[in-house]
1. If you take the residues of the range 414-438 that are β-branched (Val, Ile, Thr) and not in a helix (DSSP H, G or I), which of them is surrounded by the most Cβ atoms within 10 Å (Cβ to Cβ)?
2. Based on this model, can you work out whether Ala174 counts as touching a residue at least 60 places away in the same chain (Cβ under 8 Å) and within 16 Å of the chain's Cα centre (by Cα)?
3. Being of a type in the set (Phe, Trp, Tyr) and more than 36 Å from the chain's Cα centre (by Cα), is that true of even one residue in the range 403-416?
4. Within the range 256-288, track down each residue that is on the phi < 0 side of the Ramachandran plot and part of a loop (DSSP other than H, G, I, E, B).
5. Please enumerate the residues belonging to the range 374-385 that are surrounded by fewer than 19 Cβ atoms within 10 Å (Cβ to Cβ) and in contact (Cβ under 8 Å) with a residue 60 or more places away in the chain.
6. Within the range 211-227, which residues are assigned to a loop (DSSP other than H, G, I, E, B) and either touching a strand residue (DSSP E or B) at 6+ places or on another chain (Cβ under 9 Å) or hydrophobic (A, V, I, L, M, F, W, C) (or both)?
Amino acid sequence: MTLSLGVEDGVLQAYNQDFELQFAHKVAQMMRFSQADLDPCTFLYLLKDDYENLLYCYLFQAKKSGDKLQHEPDHSGFAALVRNNKVARLHLSYEPLTVFAPETSAFDAYSSDLYADLAYYHMSFEVRRLHQLRTANALITVNLDNPPLWITVVGDDVYVNNAKVLRHRSDYVAKTRDGDTGHQQVLHLIDQVLDPKIRSPEFAPSAYDFLTSSYKWDLDASKTVHKFYQRTQQNQLVSVYKAREPHTYFIPLDTGIDAQKYNAIDRSVALLHVVPNHVLFTRPADRNLVSITGDEATFTLSVQTDNEDKITVTVIVKEGAVEEHFHSEIVVANIPVTNGVVHLISQPLGVVAKTLKPFPYLPVLHKLTTDPDIDIFYKMGLVTGFNKLLDHDNASFTYFVPLDASWKRTKRLGLEPEENCYDILAKHLVVSHSPYTMQQLVTLSRLNNYTDIQLRSLEGTLRFTAFRIEGKYYLKWEKKYIEVVRPDYHCSNGMVHVINAPMVRFRKASEGRNGSEMVDSLYNYWKTVVELEF
């Protein structure tokens, strides 16, 4: 018979599993109380019955952790998991343990596959009662290669990773079956299955291991993080992901990083994705704001779950009086690592997305910095210093800017330019008393009998013929016909025409390699363009 015992107001009371009182004995009537020498979980007492003038002996034996798992419905799911793991069963019989047993409904809600070694991630050799968990940061599991179990306290509640400890059904203390050499064990009931999200961990993987080898985790093959890892390397932040101190890492997926966002992830943006000295799992962190003051700004982070179970992380960056909000959906949450927790997010934080908008009364340089399809030409100007020439309000420019896609086509064909990047940019920039619209260029070409017109560019004389065919504009430069895909962006200091190919002579990358300094210099310029395209 299974009973729960308690002492209140000098009376020992026994209840069954339906909390119905079975009997009550006054402590004052107990003639003798004894605990078994070889089994501290067994005790007896003698009770004197004054009416019948008899002594009754009551013997009780507390359940072991293994017995409780096997016989109580709330633990049946975890008991089945342990049953398939021989080593885990031995731990329950002989080792000091803290066991976190998910309730049966947690296994019903668990969507991933169960496997025998998952039992290890619910056991620790560190014995911790409930009040001791409140002062613990983490527990090491019985499999040392697993990530730790991170403890979070929110008010009266205690969380293990993202699972909540059910306080009123936890803190069950028992001894192993090993007699007077037995070890103490504590059993806690939790409301979620603990998931390391990696089947065969090696050497307690860190956030850096995840960043470099995410394919080892139980993730969809499409969820890769190569681009963010590259920017982490380039910004010399690898040590942050190798840190021993526990942090929270928000890592954007490759699918959310286009060319513009890739280039915008500088050191300060990358650091916005790391919350130092905080391990934030989504449930205990929900609606709890964390404020971090850095070298350049203060940012406040919050995690919220909506009615559709969509989890969003928000970063509020404040620099002086300026405050900006950045949001990203957490696509894969709560990946524990040895130095904190990783969350995969849909897009980078702290990056303003470029959008196509009309640009009246804005400078030419602003057009380059905010159009996502001409990012390579902007970066070429940034690397060479050419963009500084565009920062003049009193100038009058006509700028022919090739799409990024045209450079990518050239790369795929194995071509490299015969000119350096600075000269390429200078050739495409015309300086005149007033900027030229495409219709004006077509009119000049018609007046010149559709032969090349001559314009003054910063590189010298630029010769081409402009046409309009079925509503579309084209340039004939040398023997190439180049479509003007976005004509007439009016700017405060000129005009921008977006074209689908550069006015550049190309050659095969293998040609002309005679070791000369000039050729090597041109090749290095082309490498710069290729790297910008990544």
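The values are calculated or read from the model by the stated rules, or taken from the named source; none is laboratory data. All of these numbers come straight from a predicted model, not from anything done at the bench. Cβ sites come from the backbone with ideal geometry, for glycine too, and all protein chains shown count toward neighbours. Ligands, DNA and RNA are excluded from the accessible area calculation, which covers all protein heavy atoms including side chains. Shrake-Rupley method; radii C 1.70, N 1.55, O 1.52, S 1.80 Å.
1. The initial filter retains those residues of the range 414-438 that are β-branched (Val, Ile, Thr), namely 424, 430-431, 437.
Now drop any that are not not in a helix (DSSP H, G or I), which leaves 430-431, 437.
Working: Val430: 21, Val431: 17, Thr437: 16.
The selected residue is Val430.
2. On the way: touching a residue at least 60 places away in the same chain (Cβ under 8 Å): yes; within 16 Å of the chain's Cα centre (by Cα): no.
Spelling it out, it is not the case that Ala174 is touching a residue at least 60 places away in the same chain (Cβ under 8 Å) and within 16 Å of the chain's Cα centre (by Cα).
3. No, every residue in the range 403-416 fails to be of a type in the set (Phe, Trp, Tyr) and more than 36 Å from the chain's Cα centre (by Cα).
4. Ile257, Asp258, Ile265, Asp266, Leu272, His273, His278, Val279, Leu280, Phe281, Asn288
5. Correct list: Val383 only.
6. If the condition is that a residue be assigned to a loop (DSSP other than H, G, I, E, B) and either touching a strand residue (DSSP E or B) at 6+ places or on another chain (Cβ under 9 Å) or hydrophobic (A, V, I, L, M, F, W, C) (or both), then Trp217, Leu219, Asp220, Ala221, Lys223, Val225 are the ones that fit.
Residue by residue, here is whether (1) basic (Lys, Arg); (2) closer than 26 Å to Phe326 by Cα; (3) open to solvent by less than 30 Å² (accessible area, probe 1.4 Å) holds:
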| position | (1), (2), (3) |
| --- | --- |
| Asp191 | no, no, no |
| Leu194 | no, no, yes |
| Lys197 | yes, no, no |
| Ala204 | no, no, yes |
| Tyr208 | no, yes, no |
| Leu219 | no, yes, no |
| Lys223 | yes, yes, no |
| Phe250 | no, yes, yes |
| Gln260 | no, yes, yes |
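One line per residue, one yes/no per condition, for (1) more than 24 Å from Lys367 (Cα to Cα); (2) at pLDDT below 95; (3) assigned to a strand (DSSP E or B); (4) within 41 Å of the chain's Cα centre (by Cα):
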site: Gln440; (1), (2), (3), (4): no, yes, no, no
site: Asn449; (1), (2), (3), (4): yes, yes, no, no
site: Ile482; (1), (2), (3), (4): no, no, yes, no
site: Val504; (1), (2), (3), (4): no, yes, no, no
site: Arg513; (1), (2), (3), (4): yes, yes, no, no
site: Leu522; (1), (2), (3), (4): yes, yes, no, yes
